[in-house]
Amino acid sequence: MQRVSNRRRFLELAAVSVATTVIAAACAPASVSSPTQAPAAAGSPAPTQPAAATATQAPSAAAPTPTSAPAPAAGATATPSGFGKFTAQPVTAPPGYTPATGKLEIFSWWTSGGEVEALNYLYGDFKALNPQCEIVNSAITGGTASGGNMKAVLQTRMMGGDPPESFQIHLGHELFDSYVVAGKMEPLDTLYADEGYDKVFPKMLIELASYQGKPYSVPCNIHRTNVLWYNTAMLKDIGAEPPTTWDELLAIAEKLKAKGVGTLGLAESSPGPSAQLFESILMGHSFLGPAGYRGLFTGETSWSDPKITDALNLLAKLIPYFNPDYLSVSWGDINDLMINRKVAMMVMGDWTPGVLWSKGFNDFGWADPPDGKGIYAFTSDSFGLPKGVKNRQAAINWLKVCGSKHGQEGFNFYKGSIPARTDADLSQYTDYHKWANKLWTDPKTEIVGSIVHGVAAKPSFNVDFQTAINVFVTKKDVTAAREALLKAAKDAGFKT
Ligand code: GAL
């Protein structure tokens, strides 16, 4: 019962404020970068400034050089060290399958360890089923917020009537408010019916993919965004267990400081990670709690709630225990700091194990974040079908791969997430995946949507939220941060 009501409340959350579009004029990208490298200075505002590269601005240098994707064999998949073993049966086409020819261009921001292997696995399935179709991998890394550079270039392409065949997008408000409400996407009700998705995706995900009763994207996964990751040896050295409260974490932090190392890794070279940490604090049992957090988006909780100030004060207390260079470290590098024993822990999403595994690092553990036992903040990566694509058959065949059991089983093994499909076989999965899946499917779990990863609030609010917290971890001014959050909430039509 509890689960039903939690989920109902969550869906109410998703139903608000879908009427605003954020499509806005964007500048043309100025130069070209390799898809696997961060474009120089693109979308990375100086830490002392508010985020300049919002979701409505293109970065100055963020156009990808599309590359033909490698086509790993879909059967007997090679497994990089650290992942353990995953073996896939060869993928087979269902009767009546129409292979695509021509080109398939896919946008994503999957350029890091784990992400690349996961994406390549899907490409391998597509290539096996569509051998005459060339895959153009337009992945772009970096930028403000997750996928900031990709999102900006994508907007330019969508506005210019030149969409790729498909692109990565989070379910919920990011999907609706970026492109669906604006009428830029095709509804996928026929695909859902043909592929039987109604029977294999959780109802909650289908609702988060649907606008005015029709689904607009195919979810590939469920990521938990609020996990405490820790370097096992570092905690062992000081005789500490993973902290379950923020006070415990602060006590551990003092011991680590005495050893000359940081406690919490933070990669705030551009806004995003500090806001993700802050949302994890905010939804914790001692602050708003999951119900209070959901209420921020339904009008039940006011953004003037004093617990928000308490959460800012806690974040301020944590700052001295971040890696000292937190304002210049990027997400890719923060993982190395934990591997190299410069920081002991991170509160981050479960794309983290994909990166760590891909680096051959296994000496890490995971736990609920302090004060967050049983709270599962989540996001779901999905792919949709823009109107006016050049190669519709290829796009449809791509979506079928993304939604397939074969595709999701391999993809999520590498990605660190769990499959969106409820019928996936997890027997080859790691202990981490199984731990996450157990919590996700536990009726007592409190499931809430991540702001930073697109589910809970519209993109314009998300950008304002991330900017406010980025400025806060830079200037440490609680009053100014309260005002910035209140203004963002007012602008978004939330209760203040
Ligand atoms: C998230 C996304 C994940 C992963 C992560 C870091 O927003 O859902 O798939 O890519 O960003 O890049």
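The values are calculated or read from the model by the stated rules, or taken from the named source; none is laboratory data. Computed from a predicted model, the values in this text were never measured in an experiment. Every residue, glycine among them, receives a Cβ derived from its backbone with ideal geometry; neighbour counts consider all protein chains shown. Each accessible area value is taken on the protein alone, full model and side chains, heavy atoms only, with ligands, DNA and RNA left out. Shrake-Rupley method; radii C 1.70, N 1.55, O 1.52, S 1.80 Å.
Go through the residues of segment 373-392 one by one and say whether even a single one is over 20 Å from the mean Cα position of the chain (by Cα), under 25 Å from LEU277 (Cβ atoms) and not assigned by TED's automatic domain parsing to the domain that holds MET158.
Yes, segment 373-392 contains a residue that is over 20 Å from the mean Cα position of the chain (by Cα), under 25 Å from LEU277 (Cβ atoms) and not assigned by TED's automatic domain parsing to the domain that holds MET158.
Provide a single number: the residues in segment 204-240 that are part of a helix (DSSP H, G or I) and either among the acidic types (Asp, Glu) or in contact (Cβ under 8 Å) with a residue 40 or more places away in the chain (or both).
Of the residues in segment 204-240, the ones part of a helix (DSSP H, G or I) are 204-209, 232-237.
Filter once more, keeping what is either among the acidic types (Asp, Glu) or in contact (Cβ under 8 Å) with a residue 40 or more places away in the chain (or both): 204-205, 207-209, 232-235, 237.
Looking only at that region, the number is 10.
Being hydroxyl-bearing (Ser, Thr, Tyr), within 16 Å of the ligand (Cβ to nearest atom), under 30 Å from LYS458 (Cα atoms) and out of contact with any strand residue (DSSP E or B) (no Cβ under 9 Å at 6 or more places or on another chain), is that true of even one residue in segment 329-352?
yes
What do you reckon, is LEU318 open to solvent by less than 40 Å² (accessible area, probe 1.4 Å), outside any loop (DSSP other than H, G, I, E, B) and within 24 Å of TRP110 (Cα to Cα)?
So LEU318 fails the test.
Can you report the number of residues in segment 421-440 which are open to solvent by 50 Å² or more (accessible area, probe 1.4 Å) and closer than 23 Å to ALA88 by Cβ?
Summing the residues that are open to solvent by 50 Å² or more (accessible area, probe 1.4 Å) and closer than 23 Å to ALA88 by Cβ in segment 421-440 gives 8.
Give the residue that is modelled with the lowest pLDDT, with candidates limited to residues of segment 87-117 that are among the aliphatic types (A, V, I, L, M) and under 18 Å from MET150 (Cβ atoms).
Checked segment 87-117; the qualifying residue modelled with the lowest pLDDT is VAL116.
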